[in-house]
Structure formats: C-alpha cells, structure tokens
Amino acid sequence: MIDQDFLRSLNDSLETELPINQALPEGGMLHIDKVLPYICVYRYKKPDLYFSGLLKTQASYIIVKDTVDISGLLELLATSVSKKLNSFLILEMWPVRKDHEAEFEISCPKEKAPATVKALQDGIDEMRLIYPEVSAIVSDTHDRHPDRLEPLLKMDQTKETGSLIIGLAVPTIYQRPEENQVFSIFYRKFATHLSEIIKRAVYEFIRVQTSNPFAHYLMLGKTNLDKITMEADDTLAEISEGMSFLMRTTPVNSSQEWEKFKISNFTKTPSFNYRLVALDPEQQKRKLYDIPLEKVNDPTLAFILRDKRLEIEKQLTMLEERGTDSFRFVGESLYGAIEDEVLRGAQELLKAFPEGDSPLEIERFNCHDFAEHAQKEIDFYQERFPQLELSLEIRNDVAGIMVSETTLLISDQLSMDANRCDALIQHEVATHILTYCNGKSQPIKQMYAGFAGYDQLQEGLAVLAEYLVDGLTINRLRLLAGRVVAAHSLVMGATFIETFKLLKDNHNFPAKTAYYITMRIYRGGGLTKDAVYLAGLMNVLDYLKENGNLETLYAGKFNTNHVPLIEELMHRDVLRKPVLPRFLERDSVQQRLENLRNGIQLTELLN
C-alpha cells in the first residue's frame, strides 16, 4: 500500500514539475523525468532485470512487485496530469514466455485510440527487420492486464481521472531461460526498437487526445541524465584524453628522417621513432570494461558510449601493436575501408588539377601578423563562452598552425600567403575551437572529447569553412586527395618508397609534401586515418545537398552518422543549441551555401 505522505509528496512534485525518482514498497521504483501524459507500468512476481530494462528506456515508468497496490498512485498521477494536458495514458506491459513465439498482444478499446493502436501495430511490424517472425494481434477487451492480476484501475476510475489503459504483452524473444541464454546484442536492438515504438504510439495518443505541448515524438524521451550515465561518460572521457593516441603514433624524428631521405635520393626507407607509451594498455582496457554500460538505460546514450568504448579499445590495441602489421589491420577496422566513391573523388581531383598552384603573393604574414587577426576572432567567441578560457600561443615546438582544445598554437616560424589568413582562421578557430567550446558547454563530455570517428566530420566541416569564405585552394584539395591515394596505396601493399614515388612522380607533389603525406600514412605501421579528411568533406557536401541542418554540425565533435542522435538529444533538451560561426552571417557565405544545397562536384569547389 502506498501511504498518504508519499502521495502528498508526489503531488507537490507534480505541481512544481520536478523530476521524480522514488522508491516504492518492496523494491519498486517510480520514475518521472518530466510531466508527461503517459506512464509505463510493469508488475512483477519476481524481479526481471531485462524486462525492467525495457521500461527504463522510457521517461515515465513504474516497476513494482505485483502485491503492492498502486491504484491510488495511478489515480493521483492521472488526475494531476489530466488537469494540465486533458488526458493520460497508462501502458501496462508484461512478459510473455512461449517457445519460439514472437507475438505481441495489444489489449485496448480500439474505438477510443485507433491512432495509438495503429502506431503500436506499425512499429511492431517494423521490428521484422531485426526478427522476421515478429507479429502483433489486437484484442478489443476490458482485460488489459496479466491474467493473474487485477486491473490497475477500475473502469469508473479511468473515466473519473481522464485516463486510458492499454495492455501490451511482450514476447521475451531475447532470452531462453530454459537454456540460461540471453542474446545481449539482440536485446539491445530489441530494447531500442521497442522504446521507439512506445514513444511514437504515445505521441499519437498525445496528438489526438491531449492539449499537445510536444512538437516532436522525440521530446517524450528523457531530459535528465542519471548518475550511472554521467559517471560512464566521465570515465570514458578521462581514458580517452589520457591516451593521447595521435601523439603516441606520430614520429618524433620526422624532420630528421626527411633530411636523411633526401640525402639518400629517396632510396632509403625512413626509420621513425615514437614517444614511449606512458600507460599500460591492459590496465586501461580493464578500466574500460569496468564501466557498467549495460546499466545505462537510455538506448541513445548507451549506443554513443558503447561506440566510444569500442574505439578506445581498438586504439589501445594499436598502441600495443605499434610498429607491426597488426597496427594497420586494427586501424582499418577502426577507420573503415577506403570507399570507392572517395577514391574516385580523389583521383578526379588529381586529374582535374595535375599541378599545384603557385599564386603570385602580394603579401606574406608572419606569426605575429596572423596572430593579430586570429585574436579578433578568438575575442569574439570568448564573449560567447565566458566560462572557458580561449587563447593563442606563438611557440617554437609546433609546425604551422594547430588547435589544442581552446588554444590556437602558431609556429614562430610561420610564413604564409596573406590571402589564406581568413580561411585558416575559420578552419581552426571557427570550426575546431568553436565545436570544442560548444561541446564543452553540453552535459555530455563526449561532445567535446569526441564521439567515435569524429575526425571525419570535423575536418570536412573545417575545409567547408575554407570554401565558404572563398579561401579554398588547389593545393589544399590536392593534399586531401593525395592522402586518400596514399592510404589506398598502403592498403594495396605498396612500400613507403613506392607510395612516395606515386605521389611525387605520378601526381606531381613536391618531394617534401609527398614525404610528409607518406609519413602520416605509414606511421606506426600504417594508419589510413588521413583518408577520412576528403571523405568528411564529401559527406558534408552530400548532407547539405540533402537539406541537412548545418547548425547541428557545430554542436560538438561527432560524425555525420551521429547527426540523428544529436538531433534526438536536442529534441529531448539533453543538448543545447550551439553557438554558430560568425562567418555564416556573411551574404557571400549564404550564397555559397545555396550553391552547395543545389549540388556541386568536388572539382567545382574552386570555381
């Protein structure tokens, strides 16, 4: 029995619209992330971790022992929410365990919520993509609860409270208890699909039956992150940041080896040295898999965190295998195969622009000239992120220009064409620093630490910025294309010298440029990561042509395949909208964006 003090406290929380996470008698749980016109209910005889997990994907649920009377609790919920939203849906769910049967049963009054029932049916039908035998039957009945239990509310109570009860019997096809088997990978897919089905069905109920304050069904998802999710996110970010993967796979003697390579007339393969690995990959992997991601109930966040964990594990394995062929093979599984379309794009660029450009340089900037212009852009974003410290440094230990989190690092030896100044500022500051700042302002640390494979979109977005401000050059596009050709050459079994000669002799790259492209591809034992730069640009161009929302891409550091997840988290108010680059306010930039949305070829980016 739920006591009156509990109900009074619950009523106060509902009135003030505070999140509710309350223990119920005999080990039960009430969770309401925000005021929603529905709740999922599971009454168990014995606790079932996996079935409970299906309900925990929702933003509003009750999981309780079947001996506990929750009718008063449901009456209060339904009455309180109905006053605000005009109606309330109670979805009671229970497991059905039948050998090799995959039939859902929906128990409901068809005439009262046909759109809701149809959404449930349609969603269950779509589950055949992951389990072809799935089916659904609809029973028009007053019995919308397990056979062994009493109804959650009597009919007159549902009328008085403005509520509707729908029963959903769920086949537990993700496990075989008699064989003590749980199909964990399938269970995750099943839970994700069912979570989506429920939200879509509830949205149809809300759209038809209530005063709907929700513009999109994804807004029904959880807004508040629980402790387990936050701790998992923190630990993954800590391991990722402490690994310094790229630094530990980049040679420390590339300049010296270039001089030796040049003296040998490009006939002696360079011998690269690397920083010592100041961590134990085995211990880090143990720490990685001590993170209880199976307890993260939000399917979207669980996918993001699990994807990142797999990336980190592969990177740790690569550190162990540095200098061997295994380094390359694990890297290929991490960064993906070089797609035929990307290789063709690279070859078309090198064919269209067989020689690098040598523009007449009217003015050159040194490090101080460039820093003066860059500081203005940094100051602009500093005002928008007062909680962060944005800065620039002129240093003697970096080559060219690079970004470290919120700091722009400039070589004290920098000498550049003044016409490239704006493009490089938008590339480094208005893309790399800005997306870090936007990510740092989000509650999920992976938004700045980087989702799995985030480099691809980051570099594509950065090169896009160069194009939009009319600063993209032939040499820049040729460099991206050369990296793809070199990575393909590595995969096809070519040696360092053969790939170097391919770039230098066949594609007319200067010897030093060809060397550094080849060094980056062959470092550590072979790293095809550099092919993602052109792939990222091509992905962004496709995304814009398909009318994708450019603003979303600046929310943090992720890849294009994560965009639907980012948009979902924005709908749920988990993520905030990003600060956008200042250059997007330029009329000329908007015209170029319009050109991209109409679709152009890679080779037309320089027109």
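For segment 391-419, a residue qualifies if it is part of a helix (DSSP H, G or I) and in contact with a Lys or Arg (Cβ under 9 Å, 6 or more places away or on another chain), and exactly one does: Ala418.
Any residue at all in segment 477-491 that's part of a helix (DSSP H, G or I), in contact with a Leu (Cβ under 6 Å, 6 or more places away or on another chain) and polar (S, T, N, Q)? Yes, that holds for at least one residue. Name every residue in segment 173-193 that is surrounded by fewer than 20 Cβ atoms within 10 Å (Cβ to Cβ) and part of a loop (DSSP other than H, G, I, E, B), in order of residue number. Correct list: Asn180, Phe183. Of all the listed residues (Tyr50, Tyr61), the sole one being in contact with a helix residue (DSSP H, G or I) (Cβ under 7 Å, 6 or more places away or on another chain), buried (at least 17 other Cβ atoms within 10 Å of the Cβ), aromatic (Phe, Trp, Tyr) and within 22 Å of Tyr174 (Cβ to Cβ) is Tyr61. Between a first residue in segment 8-23 that is without any contact (Cβ under 8 Å) to a residue 60 or more places away in the chain and a second residue that is of a type in the set (A, V, I, L, M, F, W, C) and part of a helix (DSSP H, G or I), which pairs have beta carbons less than 9 Å apart while being 6 or more apart in sequence or on different chains? So the pair list comes out as Ile20/Leu10; Ile20/Leu14; Gln22/Phe6; Gln22/Leu10.
Filtered by the rule that a residue be closer than 22 Å to Thr192 by Cβ and among the acidic types (Asp, Glu), segment 1-60 gives Asp33, Asp48. Exactly one residue out of Tyr554, Tyr515 is farther than 29 Å from Ile444 by Cβ, at pLDDT 95 or above and surrounded by fewer than 23 Cβ atoms within 10 Å (Cβ to Cβ): that is Tyr515. Is at least one residue of segment 241-257 loosely packed, with under 13 Cβ neighbours inside 10 Å, within 21 Å of Asp505 (Cα to Cα), in the same structural domain as Gly524 (by the TED database) and not hydrophobic (A, V, I, L, M, F, W, C)? So far as segment 241-257 goes, no, none of its residues is loosely packed, with under 13 Cβ neighbours inside 10 Å, within 21 Å of Asp505 (Cα to Cα), in the same structural domain as Gly524 (by the TED database) and not hydrophobic (A, V, I, L, M, F, W, C). Could you list all residues from segment 540-551 that are part of a helix (DSSP H, G or I) and surrounded by fewer than 20 Cβ atoms within 10 Å (Cβ to Cβ)? Across segment 540-551, the qualifying residues are Asp542, Lys545, Leu550, Glu551. If you check Glu339, Glu348, Glu311, Glu321, which single one turns out to be within 30 Å of Asp505 (Cα to Cα), in contact (Cβ under 8 Å) with a residue 40 or more places away in the chain and under 28 Å from the mean Cα position of the chain (by Cα)? Residue meeting the stated conditions: Glu339. For segment 68-101, a residue qualifies if it is within 17 Å of Ser139 (Cα to Cα) and in contact with a Phe, Trp or Tyr (Cβ under 6 Å, 6 or more places away or on another chain), and the qualifying residues are Met93, Pro95. Of the residues Ser163, Ser195, the single one that is of a type in the set (Ser, Thr, Tyr) and closer than 30 Å to Glu101 by Cα is Ser195. Residues that are in the same structural domain as Phe496 (by the TED database), out of contact with any Phe, Trp or Tyr (no Cβ under 6 Å at 6 or more places or on another chain) and at positive phi do occur in segment 326-345. Just one of (1) assigned by the TED database to the domain that holds Met127; (2) within 30 Å of Gln284 (Cβ to Cβ) fails for Phe214. It is (2). Against the test of being among the hydrophobic types (A, V, I, L, M, F, W, C) and over 25 Å from Leu334 (Cα atoms), the options Leu502, Leu527, Leu565 yield a single qualifying residue, Leu502. Reported count of residues in segment 577-607, each being among the charged types (D, E, K, R), in a helix (DSSP H, G or I) and farther than 17 Å from His427 by Cβ, is 5.
The values are calculated or read from the model by the stated rules, or taken from the named source; none is laboratory data. Everything numeric here is computed off the predicted structure, so don't read it as measured data. For neighbour counting, all protein chains shown are included, and Cβ atoms are generated from backbone atoms with ideal geometry for every residue, glycine included.
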